[in-house]
Amino acid sequence: MKFDPANNIQDLQYFGEFGGVNPSISDSSTYTFLSAKTMFDTFEGNTEGCYLYSRHSSPSNLYLGEALAAMEGTETANVTASGMGAITAVILQLCGAGDHIVSSRTVYGGTYAFMKNFLPKLQISTTFLDITKPEEVEAAITPNTKMIYCEAVSNPLLEVADLEALSAIAKKHGIPLVVDNTFTPLNISPAKFGADIVIHSLTKFINGSSDTVGGVVCGTQEFCLSLKDVNDGAAMLLGSTMDSLRAASILKNLRTLHIRMKKHSENAHYLAKRFEQDGLKVVYPGLPSHPGHDTMKKLINPEYGYGGMLTVDAGDLDKANALMEMMQEKNLGYLAVSLGFYKTLFSAPGTSTSSEIPEEEQKAMGLSDGLIRFSIGLDNDIERTYNTMKSCMQELEIL
Ligand SMILES: *Cc1c(COP(=O)(O)O)cnc(C)c1O
């Protein structure tokens, strides 16, 4: 049977306590045991089927985790309080002093800062490289390498990782391929191509209403259980636990993700095509001019398209800033970081979300000053949006 992530979510039924169509929200931090023996067994690691304490697990978090595992086609999943909570827990679970990571150089600014500035304090080193060159990835692997880390479609340059090639390398060396799939939920199913661990910031498309932060780690039963082990689990001990109320509200938003992703992609593709035709430098993986287009074509679940993110080069930082301010004045969207909202969001990554990356390295990876990153919204009349955006660009002599 064809793997269909939206059907997998659709088919999950959870009922509430009184026959409610949504599951009841667990409103407890701690849980009673009928016998002292069961409590002892639970601390010994036999946590199957019972709840202990809500930092370890809670019914609402398990519902959301199961739904996300169904979406990604992994055995199970653990939700966390934020995307960074998921990323840091995975890395610290897999790496210790003396270990090494091979990572894409175009990753989320917080991930980059964690690897570059924080992990050296624990004697964990990272080689950052161009993830679109699998031969460089393989050459960078040492006996101490504990993982290959990348984003399926990267922030902010929208580079596409050849997950099949990377997973073949990871398997050959007996290390996991860890993929942050935040930019492309439903569009890409990394586990299908051999990713061992799939991470999301739920804050973005999956929740989609810019009202909460959240994260998830999707993987094997064994790995997810190890993350919440009471004795040495990074998620359990570092404590980035999602609150049950939040888990319940994210689960409700997940139910409409397939409709939203289709519209985000359709709108982004439309704008990318029109602005490229107008002569702008546009980066969108759905355009044949994008160097990762063929790779992405091979990876996507076609009905969801190429995603809702695109970048436009406004020439220089002053022009980029003027354009963003004007677009905000015209109510085209908001000058804000983050992504996946119903309204278009835009920011200049060089001076915001990727400012953790030193200027020289930004240049080396093609992150120019005038680059604007767009998360395209759910506008019903995208032609109207295009026309208004274009008039802003013409007024500022960008077009
Ligand atoms: C936002 C983001 C993160 C971090 O997630 P938070 O929920 O903000 O902690 C990680 N990776 C990517 C690709 C992101 O866009």
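Some notes on this structure:
- In this entry, Leu345 passes the filter for residues that are of a type in the set (A, V, I, L, M), in contact with a Ser or Thr (Cβ under 8 Å, 6 or more places away or on another chain) and open to solvent by less than 50 Å² (accessible area, probe 1.4 Å).
- Subset of region 258-286 [among the aliphatic types (A, V, I, L, M), crowded, with 22+ Cβ neighbours inside 10 Å and not in a helix (DSSP H, G or I)]: Val283
- Considering (1) within 16 Å of the ligand (Cβ to nearest atom); (2) touching a strand residue (DSSP E or B) at 6+ places or on another chain (Cβ under 6 Å), the lone condition that His100 does not fulfil carries the number (1).
- Asn46 vs. criteria at pLDDT below 90 and on the phi < 0 side of the Ramachandran plot: yes
- Only residues that are within 18 Å of the chain's Cα centre (by Cα) and open to solvent by 10 Å² or more (accessible area, probe 1.4 Å) were counted in region 62-71, giving 2.
- Taking region 98-177 as the region of interest, the strands (runs of 3 or more DSSP E) fully inside it that hold 3 or more residues being open to solvent by less than 30 Å² (accessible area, probe 1.4 Å) are 100-104, 145-151.
- Residue count for region 80-95, restricted to those that are within 11 Å of the ligand (Cβ to nearest atom) and crowded, with 22+ Cβ neighbours inside 10 Å: 6.
- Within region 221-255, tally of residues that are within 16 Å of the ligand (Cβ to nearest atom), hydrophobic (A, V, I, L, M, F, W, C) and in a loop (DSSP other than H, G, I, E, B): 1
- Boolean, Glu75 is more than 19 Å from Glu359 (Cα to Cα), touching a residue at least 40 places away in the same chain (Cβ under 8 Å), in contact with a strand residue (DSSP E or B) (Cβ under 8 Å, 6 or more places away or on another chain) and more than 16 Å from the ligand (Cβ to nearest atom): yes
- The listed residue being within 21 Å of Gly307 (Cβ to Cβ), over 15 Å from the mean Cα position of the chain (by Cα) and in contact (Cβ under 8 Å) with a residue 40 or more places away in the chain, out of Thr142, Thr132: Thr132
- Checking the stated criteria, Cys218 turns out not to satisfy the condition of being farther than 19 Å from Glu66 by Cβ, within 16 Å of the ligand (Cβ to nearest atom) and not charged (D, E, K, R).
- Pairs linking a residue in region 195-206 that is over 21 Å from His264 (Cα atoms) to a residue that is more than 10 Å from the ligand (Cβ to nearest atom) and assigned to a loop (DSSP other than H, G, I, E, B), with Cβ atoms under 6 Å and 6 or more positions apart or on different chains, are Asp196/Pro176; Ile197/Pro176.
- When region 348-390 is limited to residues that are of a type in the set (Val, Ile, Thr) and in a loop (DSSP other than H, G, I, E, B), the one that is modelled with the highest pLDDT turns out to be Ile376.
- Every pair of residues 6+ apart whose Cβ atoms lie under 7 Å, when the first sits in region 1-19 and is in contact (Cβ under 8 Å) with a residue 12 or more places away in the chain while the second is part of a loop (DSSP other than H, G, I, E, B) and among the aliphatic types (A, V, I, L, M): Pro5/Leu186; Ala6/Leu186
- Pick from region 192-215, criterion more than 10 Å from the ligand (Cβ to nearest atom) and surrounded by fewer than 24 Cβ atoms within 10 Å (Cβ to Cβ), ranking: nearest to Glu303 (Cα to Cα): Lys192
- Residues considered: Thr142, Thr106. Of these, the only one that is in the same structural domain as Lys204 (by TED's automatic domain parsing), away from the ligand (no atom under 16 Å from the Cβ) and not small (Gly, Ala, Ser) is Thr142.
- The set of residues in region 323-343 that are closer than 12 Å to Gly377 by Cβ and either part of a helix (DSSP H, G or I) or among the charged types (D, E, K, R) (or both) comprises Met327, Lys343.
The values are calculated or read from the model by the stated rules, or taken from the named source; none is laboratory data. If you're wondering where the values come from, they're calculated on a predicted model, not measured in any experiment. Here Cβ is always computed from backbone atoms with ideal geometry, including for glycine, and neighbour counts include all displayed protein chains. Areas reflect the complete protein model, heavy atoms only, side chains present, ligands, DNA and RNA absent. Shrake-Rupley method; radii C 1.70, N 1.55, O 1.52, S 1.80 Å.
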